[in-house]
Amino acid sequence: MSVPQQAITEIENPVMPFLRQERIPHIWCPGCGIGTTVNCFARALTESGLDLDKVAIVSGIGCTGRVAGYLRLDSFHTTHGRPIPFATGLKLANPELKVVVYSGDGDLFAIGGNHFIHAARRNIDMTVICVNNHTYGMTGGQVAPTTPIGATQTTMPYGNFEEPFNLPFLADACGAVYVARWTVYHVRQLARAMKEALLKKGFSFIEVLAPCPTLFLRRNRLGEGVDEVKYYKEKSVIKNGADTKEVALGYHSEIIVGKFVDRERPTWLEAMNSHFSKVLGDKFVPWGVQNGQD
Amino acid sequence: MKADPKAVLTGIHFMDGDHACCEGAIAAGCRFVAGYPITPSTEVVERFAQRIPTVGGVFIQMEDEIASSIAIQGAVWAGLKAMTVTSGPGLSLMMEHVGLAAMLETPCVFVDVQRGGPSTGLPTLPGQADMMQARWGSHGDYSIIALSPNSPQECFDLMIKAFNLAEIYRVPVFFMMDEVVGHMTERVVIPEASEIEVVERRYTTKKPGEYKPYECEDDTLVPPMVKAGDGYRFHITGLTHDERGYPAMNAQAQDKLVRRLKEKIERAKDKLVDICENGVDGADVVVVSYGITSRVAEAAVQMARAKGAKIGHIRLRIVWPFPEKRIGEIAGKVKAFVVPEMNMGQMVLEVERVSRGRSDVYCVPHAGGTVHEPEQIFEKIMEALK
């Protein structure tokens, strides 16, 4: 290496203040993309200007489910598939909080799929970040609701024949007010999207494609993490505003990335407060409304 | 602390158990309910949905019971008192989050208006067959508290106690009603707010950086809490964890944590006795009952006494932890216990365990769908006397 060791250690990594350093090293494999997304998230938090004491992060179970445990925020590692309803309780009980759900594709869209669609429908004010590695990493590489047709997984030993979800289309159809997809190659765009989502009122959703070298790439002879990032670089096409119907992922084919949805809709709490004010008048005790505004 | 007078419907009401349960929760300070419709418990959340906009708080009907049982825990960690309300099939779906509440030590209340089971069973008719599920239903070892009211008045009174116990011990507290108690309409007296004792959450006095979420500061083994948004930047997990709340994947951490989760209730067992006794001293046979069955049992006890028999009656208002010390004292002094319940024999197993063969134990099982006939219990009492 041409960079002297001393020089490396003297540079303060800007992400470090966001990490529970006493918990490092983390559990993720070499070449895994989750750490890159955390890096982007830390940058987004810095740039968002949010009061970090008021940011809560909630994860489910799985490799991405461990993110909450590494971030120096109020952080909740819940049960498999259920970070969204936990986050719903947090947000509605204390509307001052900025609530982020950070979890994997299996957690959010298989076991947790029902919660995702309803939180989006209700427009609960939260940001959901889904790290999509097309597989169940922590349990050893089983088929996920995002595994492309043709990819081999331990529970699809002859190749997957199930149609995967098109996640941005699902989020869009359910009413999310912000929907974007990026890959861990697009670190600047991803950090910017995370910042936008954090500052967006309502249910915002970001899908991040990330390599799982140990259990998806190797099993499918797709190389290492760096090979996957090269694939993201070569095959990604940025189409902001693309119709989400058109952004389904194939098996190692073109990836459409970008910001697909950015719209306004009253959040659940706004709808509740304005409705009850109308129908109950002075009898209504507003909830989470500061100075009668907001 | 006293209840909030703006929230308490002081006065004399003619009210069913489900509605009284809701009023008890509001009086106790519950300001967040997440629920899913299920007979015969729905009236509890319907009333909460109607009442809470004028009190200040949130009701949300979630997409299922799994979501409801974890949404309440999010609300608790954001600083509110919260409950969910369900019946048999819904309780089965909630079991994972009963375990989470035990593991995170989330103070919260699970109301179960019991109906006949298993599965969809008898949606509109009573049962008491969830008693063991309440105690043991989630995987792993942990402790809970469960109460069983036998009237609408007790649905109000004991609900306040349920919330208070949840805060004191940081465990999920079960409120084991049944369809008859839930739908029975009786006189309910709601006292002045100033007469209602409400236990507030015990928050840490430590500063951020010094506070550890699972560090016990006294011999209650119940650590003080924090809530999200106060700058503590704390972490909690359903994984086995150390005092810092960080995952600790080893046998030593598991032993320390699980023993404490059991021991915090074990240690408080004598304080957690709530039973109503009559005629136990000098009795030949003692009937042990709870919930709606206790009212039928009392009729049977009177019938037996009218025949000159010496019969005692113990009614459990706190069912879990089981009052083993008191039942153990009586065992050996009486010829037999008779345990009627609207299931095929659940709490009777506890009576048998505690009496350790010193008294005979008779079960009066009932599959549910309606309450016992007093004669069924009376006949068993007479058989036990022989």
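The values are calculated or read from the model by the stated rules, or taken from the named source; none is laboratory data. In this text, all values refer to a predicted model and were calculated from it rather than measured experimentally. As a convention, Cβ positions derive from the backbone with ideal geometry for all residues, glycine included, and neighbour counts pool all protein chains shown.
Key figures
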quantity	calculated
Filter result for A:V184 (touching a Pro at 6+ places or on another chain (Cβ under 9 Å), in the same structural domain as A:V229 (by TED's automatic domain parsing), within 16 Å of A:K259 (Cβ to Cβ) and not aromatic (F, W, Y))	no
Matching residues, the range A:173-196, being buried (at least 21 other Cβ atoms within 10 Å of the Cβ) and within 17 Å of A:T88 (Cβ to Cβ)	A:A176, A:V177
Any hit, the range B:203-224, residues being of a type in the set (D, E), closer than 20 Å to B:V76 by Cα, over 25 Å from the mean Cα position of the chain (by Cα) and surrounded by fewer than 17 Cβ atoms within 10 Å (Cβ to Cβ)	yes
Inter-residue pairs, beta-carbon under 7 Å, first not assigned by TED's automatic domain parsing to the domain that holds A:A210 and in the range A:35-61, second crowded, with 17+ Cβ neighbours inside 10 Å and at pLDDT 95 or above, 6+ apart	none
Residue match in the range A:236-254 (condition: in a loop (DSSP other than H, G, I, E, B) and under 15 Å from the mean Cα position of the chain (by Cα))	no
Restricting the range B:49-98 to residues that are part of a helix (DSSP H, G or I) and touching a His at 6+ places or on another chain (Cβ under 6 Å), the residue that is farthest from the other protein chains (Cβ to nearest Cβ)	B:S69
The range B:191-235, subset of a type in the set (K, R) and closer than 20 Å to A:Y70 by Cβ, residue nearest to the other protein chains (Cβ to nearest Cβ)	B:R233
Failed criterion for A:N114 (all others in (1) of a type in the set (S, T, N, Q); (2) closer than 23 Å to A:R181 by Cα; (3) in contact (Cβ under 8 Å) with a residue 24 or more places away in the chain hold)	(3)
Condition broken by A:F169, with the remaining ones in (1) under 18 Å from the mean Cα position of the chain (by Cα); (2) buried (at least 20 other Cβ atoms within 10 Å of the Cβ) satisfied	(2)
Near pairs, Cβ below 6 angstrom, 6+ apart or cross-chain, from the range B:264-283 (touching a residue at least 60 places away in the same chain (Cβ under 8 Å)) to any residue that is among the hydroxyl-bearing types (S, T, Y) and surrounded by 14 or more Cβ atoms within 10 Å (Cβ to Cβ)	B:I265/B:S143
Residues that are assigned to a strand (DSSP E or B) and either modelled with pLDDT under 95 or hydrophobic (A, V, I, L, M, F, W, C) (or both), drawn from the range B:2-48	B:I12, B:F14, B:M15, B:C30, B:F32, B:V33, B:A34
Boolean, A:A176 is in contact (Cβ under 8 Å) with a residue 12 or more places away in the chain and assigned to a helix (DSSP H, G or I)	no
Members of the range A:127-147 found to be farther than 13 Å from A:P164 by Cβ and β-branched (V, I, T), listed by number	A:T127, A:V128, A:I129, A:V131, A:T139
Extreme residue, nearest to A:S236 (Cα to Cα), among residues of the range A:253-291 that are crowded, with 18+ Cβ neighbours inside 10 Å and among the polar types (S, T, N, Q)	A:T267
Entirely in the range B:316-386, the strands (runs of 3 or more DSSP E) that have 2 or more residues that are surrounded by 21 or more Cβ atoms within 10 Å (Cβ to Cβ), touching a residue at least 12 places away in the same chain (Cβ under 8 Å) and within 21 Å of the chain's Cα centre (by Cα)	B:318-320, B:336-340
Residue count for the range B:247-305, restricted to those that are of a type outside the set (D, E) and in a helix (DSSP H, G or I)	25
The one condition in (1) within 14 Å of another protein chain (Cβ to nearest Cβ); (2) free of Cβ contacts under 8 Å to residues at least 24 places away in the same chain; (3) not small (G, A, S) that B:E46 fails to fulfil	(1)
Criterion (in contact (Cβ under 8 Å) with a residue 12 or more places away in the chain, within 14 Å of chain A (Cβ to nearest Cβ), under 28 Å from B:V258 (Cβ atoms) and not in a loop (DSSP other than H, G, I, E, B)) met by exactly one of B:M132, B:M103	B:M103
